[in-house]
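The values are calculated or read from the model by the stated rules, or taken from the named source; none is laboratory data. All values derive from a computational prediction rather than experimental measurement. Note that we place each Cβ from the backbone using ideal geometry, even for glycine, and neighbour counts take in every protein chain shown.
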Amino acid sequence: MPIGSVVAQCPSCGSLYQSTVSRSQCQDCAAREQDQLGILDRQLRRNRYLNNEQLSEQTSIPLRQIKAWIRNGRLKLYDYPNLSDSCDLCSGPIRSGKLCVSCSTRIQTAVAHEYEQDRLMKERTKSAHSYFSRRATSL
């Protein structure tokens, strides 16, 4: 074995294989995955307007596998308008990232609100512990 080689267990089938930086599964599973991606590609060339469910049904490839390939970038969406991934929070359709626009906006608003509340609380505690004296002003 060359220096730096690591023996790993394939996450798909459980067999042992020599892991490298570019390989995360055994050779058999990698070949099977390439075949499945080829099947998807041919089906999408026939009808580029298929959605995830229709594509899964016509190719007999599990929907979760199709979504995993979309998320990993193995299946590009720019040519296929009806393919999408799902938002991690609300499971709504998304074309990129892990969150839809509404969930992302909601989280940003909540964080901004918490930050503002924290700032106001610090201001209140600072002013509560401060002593202001009035000077007699003469005219």
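Tabulated values for the structure
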read-out: Tabulated pairs, region 46-75, first among the small types (Gly, Ala, Ser), second surrounded by fewer than 17 Cβ atoms within 10 Å (Cβ to Cβ), C-beta under 8 angstrom, 6+ apart or interchain; value: Ser56/Pro62; Ser56/Leu63
read-out: Pairs, first touching a residue at least 24 places away in the same chain (Cβ under 8 Å) in region 103-115, second assigned to a helix (DSSP H, G or I) and of a type outside the set (Val, Ile, Thr), C-beta under 7 Å, six or more apart; value: none
read-out: Enumerated helices (runs of 4 or more DSSP H) restricted to region 9-115, each holding at least 3 residues that are in contact with a strand residue (DSSP E or B) (Cβ under 6 Å, 6 or more places away or on another chain) and surrounded by 14 or more Cβ atoms within 10 Å (Cβ to Cβ); value: 63-72
read-out: Some residue of region 17-31 being among the acidic types (Asp, Glu), closer than 29 Å to Gly97 by Cβ and free of Cβ contacts under 8 Å to residues at least 24 places away in the same chain; value: no
read-out: Filtered residues of region 44-101 (kept if farther than 19 Å from Gln34 by Cα and among the basic types (Lys, Arg)); value: Arg48, Arg95, Lys98
read-out: Selection count, region 79-120, where residues are at pLDDT below 90 and more than 27 Å from Trp69 (Cβ to Cβ); value: 0
read-out: Close pairs from region 80-101: first without any contact (Cβ under 8 Å) to a residue 12 or more places away in the chain and closer than 17 Å to Asn51 by Cβ, partner exposed (fewer than 13 other Cβ atoms within 10 Å of the Cβ) and of a type in the set (Lys, Arg), Cβ under 9 Å, at least 6 apart; value: none
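Each row is one residue, and each column tells you yes or no for (1) among the aromatic types (Phe, Trp, Tyr); (2) in contact with a Leu (Cβ under 7 Å, 6 or more places away or on another chain).
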| residue | (1), (2) |
| --- | --- |
| Asp35 | no, no |
| Glu53 | no, yes |
| Ser60 | no, no |
| Gln65 | no, no |
| Arg74 | no, yes |
| Tyr80 | yes, yes |
| Ser86 | no, no |
